[in-house]
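To keep things clear, I will list the structure first and then write my remarks on it.
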Amino acid sequence: MAKNMKKPYRPPVRKEDEHRINEKIRGVAEVRLVGENIEVGVYPFVKAVEIAREQNLDLVEIVPNSVPPVCRIVDYSKFKYEQKKKQKELKAKQVKTVIKEIRFGPQTDDHDYEFKLKHAENFLKENSKVKAYVQFIGRQIVFKEQGFKLLEKFVKALEDLGKPEAPPKLEGKRLNVIIAPKSKK
C-alpha cells in the first residue's frame, strides 16, 4: 500500500449474542415456555412470540439443543445483566493457586537452609504452594543423594504447615517437590 493512501474503514466486530431472541429463533415449530406469569408448557412458536409481545418482553432461547427448545419470556437486557453478574460472582469465588519457588543447591549450608525454610513457612501460612527444588549445575549431579536428603529434611520440617503432593522427583538436572498448605478447619 502506498504511503499516502488511506486504509479502508472497517467497523468494529460485534460479538454475536450467545442467545437467540424473538425472530432470530428460526427453524422451530414449537417451544417449551418457562418464566414468570406464564403457564409452563409447550406452545407453537408464533403463539410464544405473541405472548412475549403482549407483556412487552422478549422470547429468549435458553436451551437450544433440547426438543422442543426451552425459551423464557424476560426483558433481554435485564437477563444479560443478571448473567454477567452471576459470571462475575463465580469468578470472584474461584481460588487462585499461587506457587512460590525456593531454590537450593546440593551443598546448601545450614544458614541458607534455615533462611529458606522461614520463607517457605511464610508462603504456606499465606496459603500458597511451595515448589522447592535442588538445581544441579555441571557435574553436581553426582551429589543427587544429598539433594534427596535435603528435600526430605525440608519436607519433614514443614509437615505441620503443609504436605507434599508427591515424593521428590528428579527431572533432568532438577530435583522437585511441591508442598501444598494444609487446609484450615
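The values are calculated or read from the model by the stated rules, or taken from the named source; none is laboratory data. Remember, predicted model here, so these are calculated numbers, not experimental data. All Cβ positions, glycine included, derive from the backbone under ideal geometry; neighbour counts span all protein chains shown.
Structure values in brief
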item: Enumeration of residues in region 34-56 that are modelled with pLDDT of 80 or more and either under 33 Å from the mean Cα position of the chain (by Cα) or small (Gly, Ala, Ser) (or both); result: 34, 41, 48, 52
item: Test: residue in region 162-183 that is under 21 Å from residue 98 (Cβ atoms), free of Cβ contacts under 8 Å to residues at least 12 places away in the same chain, surrounded by fewer than 17 Cβ atoms within 10 Å (Cβ to Cβ) and out of contact with any strand residue (DSSP E or B) (no Cβ under 6 Å at 6 or more places or on another chain); result: yes
item: Test result for residue 75, surrounded by 12 or more Cβ atoms within 10 Å (Cβ to Cβ) and modelled with pLDDT of 85 or more; result: yes
item: Those residues of region 36-62 which are touching a Leu at 6+ places or on another chain (Cβ under 6 Å) and aliphatic (A, V, I, L, M), in sequence order; result: 48, 49, 52
item: Among the candidates 9, 81, residue that is farther than 30 Å from residue 141 by Cα, over 31 Å from the mean Cα position of the chain (by Cα) and either outside any loop (DSSP other than H, G, I, E, B) or modelled with pLDDT under 80 (or both); result: 9
item: Flag if residue 96 is part of a loop (DSSP other than H, G, I, E, B), of a type in the set (Lys, Arg) and either loosely packed, with under 14 Cβ neighbours inside 10 Å or in contact (Cβ under 8 Å) with a residue 60 or more places away in the chain (or both); result: yes
item: The one condition in (1) loosely packed, with under 14 Cβ neighbours inside 10 Å; (2) under 23 Å from the mean Cα position of the chain (by Cα); (3) touching a residue at least 12 places away in the same chain (Cβ under 8 Å); (4) assigned to a helix (DSSP H, G or I) that residue 119 fails to fulfil; result: (2)
item: Qualifying positions in region 88-118 - touching a Leu at 6+ places or on another chain (Cβ under 7 Å) and polar (S, T, N, Q); result: 108
item: Residue 154 surrounded by 11 or more Cβ atoms within 10 Å (Cβ to Cβ) and either over 23 Å from the mean Cα position of the chain (by Cα) or among the acidic types (Asp, Glu) (or both); result: yes
item: Verdict on residue 60 being in the same structural domain as residue 31 (by TED's automatic domain parsing) and in contact (Cβ under 8 Å) with a residue 40 or more places away in the chain; result: yes
item: Meets criteria (in contact with an Asp or Glu (Cβ under 9 Å, 6 or more places away or on another chain), of a type in the set (Phe, Trp, Tyr) and either part of a strand (DSSP E or B) or not assigned by TED's automatic domain parsing to the domain that holds residue 62 (or both)) for residue 113; result: no
